[in-house]
Amino acid sequence: MRHQLFIDGRWQDPVEPGRIPVFDPYRGTVYHEVSAGGPADVDKAVAAAKAAFPAWRDAGGRGRARYLAAIAARLTERAEELARLSSRNNGKPLGEARIDMADVAASFAYYAEQAIALQERQDADVALPDDGFHARLRQEPAGVASLIVPWNFPLVTTSWKVAPALAAGCTVVLKPSEITPVVELELGAIAEDVGLPAGVLNIITGTGERVGAPMTTHPDVAKISFTGSNAVGARVMAAGAPGVKSVSLELGGKSPIVVFANADFDEAVDCVLGGIFFNAGQMCSATSRLLVERSIAPKLIDAIIAGSRALNPGDPLDEGTTIGPITMKAQHDKVLSYIERGKAEGLTLLAGGGKPAAAGDGWFVEPTIFGDVPTTSALWREEIFGPVLCIRTFESEEEAIALANDCDFGLVATVVSGDDVQANRVANAIEAGHVWINSPQAIFVQTSWGGFKASGIGRELGPWGMSSYLEVKHVTSRLKR
Ligand code: NAD
């Protein structure tokens with residue numbers, strides 16, 4: 001396991017010596033240390049990225065695509081090993097980590113194609129109403145991009161930024177979460193393996209204060225893309241403001257899942273369970289508010305309770321484990337504090353509410369379900385980021401839509417219905433950046449990702465993901481005759 005910083009194509013120790021511990025959440029113990037970078041390392045990395053930028057930009061989309069495709073191939077070759085590294089550091093079941101790694105490789109493969117497509121339309125003629133003029137639209141990379149990511153899906157959130165940024169022609173300084181740096185550092189090793197030019201991708205581990213903050217204020221950084229909490233996202237936006245930097249934000253959620261009585265029952269149960277207990281609920285896209293049509297509520301709730309009890313907590317690296325611990329102690333304590341608050345508010349605890357009996361010494365929380373949760377409760381309104389589901393019933397489609405939209409966030413939603421017309425009508429009415437119909441959160445790199453309202457600014461994935469790293473230029477010529 002690596003511990004150094006990856007700057008200018010070389011593994012290096014930080015300028016100011018320092019290490020940060022890496023935890024195994026299943027055992028609650030430290031098993032590794034990585035370098036604690038600081039502002040001087042950010043300066044070095046930004047300088048390397050700035051120096052590498054002109055040649056990377058001028059390599060053209062086709063030139064860059066070769067590297068992206070090679071990275072995708074290497075990620076695929078190393079997928080099982082990377083899944084194991086991620087599973088241990090995150091505590092996510094190995095099967096879930098394997099899904100993550102497939103997604104990571106797919107992102108690089110997709111943006112290799114997008115880089116070629118960009119070259120093909122780098123300069124596009126613009127139709128003008130005056131034939132004495134010619135105009136072309138040209139798209140150019142923004143420059144050095146600071147990319148800052150959280151701990152819940154390491155390498156996934158990273159690939160959703162690094163791949164489009166490199167495809168667009170930006171050079172990158174990446175800051176992984178200090179909680180889950182192990183698998184992220186392997187991206188530096190893969191960059192080395194495929195011969196990515198020095199300085200095109202730099203990776204600095206360390207804390208938000210000492211690495212993330214200087215990455216957002218550095219005068220040579222043109223673009224900031226941040227995924228994480230709303231509190232830090234607001235600070236990032238403010239930090240970028242004096243330099244008028246382009247800022248993209250992927251923030252939190254408190255997303256609804258709406259189940260109608262006409263839904264396929266088993267499909268509804270799968271969608272509800274997958275939407276809140278995958279990755280132990282540590283998902284920005286967790287559908288943590290279940291809205292169920294009253295006539296089927298008792299039957300559905302019974303099935304969900306049974307499904308939650310059937311989850312198998314254990315060592316994330318055991319193939320039979322279906323729910324792991326919470327990735328970090330502070331988050332574990334925060335989830336438990338919400339559960340205690342729910343009990344203190346007198347909410348109806350239907351399942352869970354503590355630590356699973358069979359689990360190890362790690363930071364486990366039982367899959368927990370509260371029923372009849374008032375819309376005024378903190379558990380209904382705030383992002384908990386753990387395996388805690390809150391339920392309400394509704395009687396009409398209008399009521400379901402109103403309840404779904406009564407929320408500060410707008411990241412995703414799921415609609416489960418046996419009527420496609422109804423499902424699409426409700427999907428259109430919900431204020432969210434991505435709505436799934438009858439699907440437990442299928443994600444395709446071709447579709448966009450990002451939120452309405454407090455869930456963020458901008459979109460990742462698809463062509464939109466690359467656009468956010470591109471500047472638009474028009475060149476208008478008066479024609480000489
Ligand atoms: P966080 O905001 O605490 O940290 C995110 C990253 O920001 C980390 O790398 C951290 O070190 C860094 N950071 C901290 N302070 C900083 C500062 N002052 N300047 C710059 N960087 C700083 O979030 P987290 O706890 O790691 O992740 C959980 C949050 O991420 C949840 O709210 C979740 O909803 C959100 N999230 C959103 C998406 C999405 O796509 N919308 C995806 C995953 C996670």
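Coordinate-derived values only; no laboratory data. All values derive from a computational prediction rather than experimental measurement. A quick note on method: Cβ atoms are made from the backbone with ideal geometry, for glycine too, and the neighbour counts reach across all protein chains shown.
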Within region 204-227, restricting to residues that are within 7 Å of the ligand (Cβ to nearest atom) and outside any helix (DSSP H, G or I), the one that is surrounded by the fewest Cβ atoms within 10 Å (Cβ to Cβ) is Thr207
By residue number, the members of region 239-296 that are touching a Leu at 6+ places or on another chain (Cβ under 8 Å) and more than 21 Å from Val388 (Cα to Cα) are Phe265
Flagged pairs (Cβ under 6 angstrom, 6 or more apart or on separate chains; first in region 216-241, β-branched (Val, Ile, Thr); second more than 7 Å from the ligand (Cβ to nearest atom) and in a helix (DSSP H, G or I)) are Thr216/Gly240; Ile224/Gly240
Taking region 204-247 and keeping residues of a type in the set (Lys, Arg) and closer than 19 Å to Asp41 by Cα leaves Arg210, Lys223
Can you find a residue that is within 16 Å of the ligand (Cβ to nearest atom) and either assigned to a strand (DSSP E or B) or buried (at least 21 other Cβ atoms within 10 Å of the Cβ) (or both) anywhere in region 192-202?
yes
With the first residue restricted to region 262-291 and required to be in contact (Cβ under 8 Å) with a residue 12 or more places away in the chain, and the second required to be of a type in the set (Lys, Arg), Cβ contacts under 7 Å at 6 or more apart or on different chains are Asn279/Lys92; Ser288/Lys254; Arg289/Lys254; Leu291/Arg392
Filter region 142-165 for residues that are more than 18 Å from Arg459 (Cβ to Cβ) and crowded, with 24+ Cβ neighbours inside 10 Å; the one that is farthest from the ligand (Cβ to nearest atom) is Val144
Within region 279-291, residues away from the ligand (no atom under 13 Å from the Cβ) and within 16 Å of Val156 (Cα to Cα) come out as none
Of the residues in region 166-183, those that are more than 9 Å from the ligand (Cβ to nearest atom) and not in a strand (DSSP E or B) come to Leu166, Ala167, Ala168, Gly169, Cys170, Pro181, Val182, Val183
Those residues of region 228-266 which are more than 6 Å from the ligand (Cβ to nearest atom), of a type in the set (Ser, Thr, Tyr) and part of a loop (DSSP other than H, G, I, E, B) amount to Ser255
Within region 464-481, residues under 19 Å from Gly143 (Cα atoms) and not in a strand (DSSP E or B) come out as Trp464, Gly465, Met466, Ser467, Ser468, Tyr469
